[in-house]
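Structure record follows, encoded as C-alpha cells.
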Amino acid sequence: MWDGIRAIPDALRAEPAWLAEAEAAAGAMLTRPAVDLVGCGTSYFAAIAIAHVVNQVAGVPARAHNAFEYAAYPPPPSGRGTLVAISHTGTTPDVVAAVAAHGDAGPTLALTDAAGSPLAQACDHVLVEPGGLEPALTKTRSYATTLRRGYALALALARRLGRRASALERALDRAGEAAAAALAAAEADDSGAAARFASAPRVLVIGGGPELATANEAALKITEAASVHAVALQVEEAAHGAWASTRPGELAILLAPAGPTAAHADRVAHGMRTLGAHTWMLTNRAAPPAEVDALTRLPDLDEPLMPLVSVIPLQVFAYRLALARGLDPDTMGTDDPRRSQARTIMRRSLAARP
C-alpha cells in the first residue's frame, strides 16, 4: 500500500500512452448525448469524480452508477449514452455485465490496468495504464491514474465541443507536482494524526460534490487497511441523522475545499465538535473555521479537480492508522481464515454461485 501511495506522483507525471485512444474515444462519444460511468468500490468512486468533470467542463450530462445497479436495472435504451466502464483488474463481473447490458445503445470505453482482460475485450475503446496491477489488496495508485484518464477524456471531449477547459488542462499538466506536494506534506506531518486518532471507535468522512468521491474512497481505505468502522457521508446528509449516533471520541473528517460544499462542512464540523467528536478538515481556503482539531491544507485547485490530490493525505492516514493498530495494511485482514473465506464468497461471480 505504501509503495502504491508513493508511486502516485510519478504515475501522474508519466507521459500518457493512451492519449491517442482517448482522443478517438472522445470522437466516438459525440454520437451520444450523455455519458454513463460504471464501477464497483474504488472504481465507482472514481466514476463519481469523473462524472462531475464531464458535466462541468465538457458540458455533457454524465451519471455515475454502481455497476451492479446498471447491469441489473439498466436505463431504457433511449436514455443510455456512452458507457465508461471502470475496473482496475478488468475482471469485475458486474462491470463486465454492465457492458453487456448496455448492448449497442452507444460506444463503450474501458478504463482498466489490464490489457487483454475481459473488460478490455468487451469494449470499443480501452485506456490502459502501463503501471499494471497493484499487489496490495488496498488499491491507491490506480485510483489516481483512473481519475487522470477520466479527466483527460473530459478534456478531449470539451475540445471537440469547442469549450474552454484551461483549468483542467493546467491541473493535468501539474497533477504530478501537486500530488508530490500533498504526499510530502502528509509524510512530514509530525502531529501524528494516526496515533492521535487511533482509538476512535468510528470515523465519518464527509464531503459533497466531487469530494463525495474522495469521502467514499477515504472511508473505504480506512476500513480496508485499518479495520476501523468508517462511513462516508454526503455533507448535508451528515446533518440529517448522523449526529444522532455520533459519540464523543469519534472522528469526523471533513473535505471542504473552496466551493458550494465549504459552508455546509463548516456547520457540520461545529456540530460534530459540540457532540464531542474530533474534527479534521482538509481545505484550500485561507480562513477555515478555527474550531477544528486538525487541519490539512490542500493545493489551489478548482473544486471539480481536487479529488486528484485530496485523497492522498487520507491514504497516508489509513496506512499509518493500520500500523498504529498493529495491522498489516496490505491484506484487509485476510490472514484470518474466516475473513479470507468471506471475501472469496462475496467476491465470487454470479455465474459461479449455486
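Values quoted throughout were computed directly from the atomic coordinates according to the rules given, and no laboratory measurement underlies them. Values in this document were obtained by computation on a predicted structure and should not be read as measured data. We place every Cβ from the backbone using ideal geometry, glycine too, and count neighbours over all the protein chains shown.
Charges at C-beta only: +1 for Lys and Arg, -1 for Asp and Glu. How large is the resulting dipole of the chain about its Cα centre, in Debye rounded to 20?
Working: 31 positive and 35 negative charges, 99 e Å.
In total the dipole reaches around 480 debye.
Identify the residues of the range 316-340 with backbone N under 20 Å of a label point that sits 7 angstrom from the Cα of residue 195 along the Cα-to-Cβ direction, or state none.
Once the point is set 7 Å along Cα→Cβ of residue 195, 316-329 turn out to lie under 20 Å by backbone N, inside the range 316-340.
What are the residues whose amide H is under 5 Å from the amide H of residue 202, where those residues sit 5 or more places off or on another chain and H is modelled from the backbone?
For residue 202, whose amide H was placed from the backbone, the distant partners under 5 Å are 251.
Obtain the nm distance between the two label points defined at residue 270 and residue 188 by a simple spin-label model: each point lies 7 Å from its Cα along the Cα-to-C-beta direction.
So the two model labels end up 3.3 nm from each other.
May I ask which residue of 258, 283, 238 lies farthest towards the positive end of the charge dipole of the range 233-354, with charges of +1 (Lys, Arg) and -1 (Asp, Glu) on Cβ and the Cα centre as origin?
238
Taking the Cα atoms only, what angle lies between the long axis of helix 262-274 and the longest principal axis of the chain, rounded to 10 degrees?
It works out to around 40 degrees.
So what is the relative contact order for the range 59-182, in percent, with contacts set as C-alpha pairs under 8 Å and at least six apart?
On the way: 152 pairs, mean separation 22.2, N = 124.
Rounded, it is 18 percent for the range 59-182.
Give a residue-ordered list of calculated ³J(HN,Hα) values for the range 236-249 (Karplus: 6.51 cos²θ - 1.76 cosθ + 1.60, θ = phi - 60°; whole Hz; x for Gly, Pro).
7, 5, 4, 8, 10, x, 4, 4, 5, 10, 6, 10, x, x
From the phi angles alone, apply the Karplus equation (6.51, -1.76, 1.60; θ = phi - 60°) to the range 51-65 and give each ³J(HN,Hα) in whole Hz, x where the residue is Gly or Pro.
4, 4, 5, 4, 4, 7, 8, 7, x, 10, x, 9, 10, 9, 10
What is the distance in Å between the Cα centres of the range 53-123 and the range 206-247?
Measuring centre to centre over Cα atoms gives 25 Å.
Relative contact order for the chain: what is it in percent, counting Cα pairs under 8 Å that are at least 6 residues apart? Please report the intermediate quantities before stating the final value.
On the way: 705 pairs, mean separation 63.9, N = 354.
Rounded, it is 18 percent for the chain.
How far, in degrees from 0 to 90, does helix 93-102 lean away from the longest principal axis of the Cα atoms of the chain, to the nearest 10?
Approximately 40 degrees, to the nearest ten.
Order of 203-215, 160-172 by packing, highest average Cβ count within 10 Å first? Don't skip to the answer; put the middle values down first.
Values: 203-215: 27.7, 160-172: 15.0.
Highest mean packing first, the order is 203-215, 160-172.
Can you list residues from other chains, or at least 5 along the same chain, whose modelled amide H is less than 5 Å from the amide H of residue 126?
110
Got a sec to turn the phi values of the range 152-158 into Karplus ³J(HN,Hα) couplings, 6.51 cos²θ - 1.76 cosθ + 1.60 with θ = phi - 60°, whole Hz, x for Gly and Pro?
Result, rounded to whole Hz: 5, 5, 4, 5, 4, 5, 4.
Quick one: if the Förster radius is 30 Å, what FRET efficiency do residue 34 and residue 173 give, using the C-beta to C-beta distance and rounding to 0.05?
Numbers: r = 28 Å, r/R0 = 0.94.
Here the calculated transfer efficiency is 0.60.
Using only the alpha-carbon atoms, how far is helix 307-324 inclined from the longest principal axis of the chain? Give it as 0 to 90 degrees, nearest 10.
The angle comes out near 50 degrees.
Counting each pair of different Cα atoms once, what's the Kirkwood radius of the chain in Å, rounded to one decimal?
Details: mean 1/r = 0.0487 Å⁻¹.
Answer for the chain: a Kirkwood hydrodynamic radius of 20.5 Å.
Taking the Cα-to-Cβ direction at residue 166 and at residue 78 and moving 7 Å from each Cα, how far apart do the two end points lie in nm?
According to this spin-label approximation, the distance is 4.2 nm.
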